[in-house]
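Below is one structure, written out as structure tokens, with a few remarks after it.
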Ligand code: SF4
């Protein structure tokens with residue numbers, strides 16, 4: 001990897017997101033899609049971010065990579081400190097050097113990131129030549145090696161093919177090859193397997209895990225699938241309506257979930273012995289940005305444990321037990337985390 005010895009210090013944060021607020025301009029008004037979110041990622045950690053669609057997971061990852069749509073999305077406040085550098089203050093040229101080199105991202109549908117008019121080899125070589133001082137010949141040979149390392153057979157042939165000639169699973173492998181080309185310290189994977197069939201899903205997750213284990217790379221894995229979290233993650237962040245509602249290590253989350261939303265997500269995981277017909281799903285929908293409750297708990301409309309005060313008092317993310325943080329009035333005796341506002 002990058003040969004940075006300090007990365008081996010597991011106590012040091014690679015990424016620190018502090019009180020992040022990201023807003024979107026809709027009909028002339030700003031609405032918060034990510035609301036006062038704070039978390040850290042250490043080298044080699046896999047941190048899962050879970051929640052239904054519309055919970056702010058993807059907006060959070062786009063904020064970290066500064067990939068928000070320029071005319072409508074903006075980071076309004078907070079800090080994103082990556083490897084000691086404040087990304088939220090960086091100009092485009094500076095962030096471009098970090099993106100693809102030190103931090104990379106893969107998306108659900110690789111066709112949205114791969115350019116259909118260029119060969120796989122061209123797209124891999126472009127990344128390598130942009131970030132490394134190597135010749136075109138070396139870049140081509142490195143591209144073939146990278147394709148081989150992500151499990152693509154016949155890489156010497158695939159390197160000259162176009163994205164549409166590959167299957168969905170192979171395209172995602174190519175995206176992973178592009179993402180790891182410069183040996184990033186952080187990979188953000190946004191629903192990387194959702195568009196793939198179950199067998200290929202497992203292969204792609206194994207591939208990401210294998211690469212992470214061989215390197216010092218940390219991973220932020222964004223998913224709506226708690227089964228994937230159980231397989232892959234060290235730490236888990238549960239998001240609802242733009243806020244973190246629960247944050248803890250993976251074992252604690254699965255054996256001692258606290259937040260009613262997390263518990264309902266758990267109940268929605270398909271069980272081997274369960275009839276598909278009786279799968280539980282969470283009633284209602286995540287409030288849209290325009291319809292976000294002004295006060296009280298944002299989950300109150302859907303929460304089976306809701307109390308009268310839940311509609312007027314806004315819960316804060318607080319330590320319930322050592323390292324286990326929950327934002328719910330059922331645990332209101334817990335102490336607010338230092339420096340974190342409602
Ligand atoms: Fe449910 Fe109230 Fe807790 Fe919100 S604060 S999750 S409504 S119990």
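Annotations
- Among the residues of the range 152-165, the one identified as out of contact with any helix residue (DSSP H, G or I) (no Cβ under 6 Å at 6 or more places or on another chain) and closer than 19 Å to residue 210 by Cα is 153.
- Residues in the range 89-121 that are free of Cβ contacts under 8 Å to residues at least 40 places away in the same chain and either surrounded by 16 or more Cβ atoms within 10 Å (Cβ to Cβ) or in a loop (DSSP other than H, G, I, E, B) (or both): 90, 91, 95, 98, 99, 121.
- Checklist (1) more than 21 Å from residue 219 (Cα to Cα); (2) without any contact (Cβ under 8 Å) to a residue 60 or more places away in the chain applied to residue 54, failing item: (2)
The rows are residues; the columns are (1) in a strand (DSSP E or B); (2) more than 12 Å from the ligand (Cβ to nearest atom); (3) in contact with a helix residue (DSSP H, G or I) (Cβ under 6 Å, 6 or more places away or on another chain); (4) at pLDDT below 95.
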position	(1), (2), (3), (4)
231	no, yes, no, yes
248	yes, yes, no, no
251	no, yes, no, no
270	no, yes, no, yes
298	no, no, no, no
315	no, no, yes, no
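The values are calculated or read from the model by the stated rules, or taken from the named source; none is laboratory data. Treat the numbers as computed from the prediction; the structure is a model and nothing was measured. Reconstructed Cβ throughout: ideal geometry from the backbone, glycine too, with neighbour counts over all protein chains shown.
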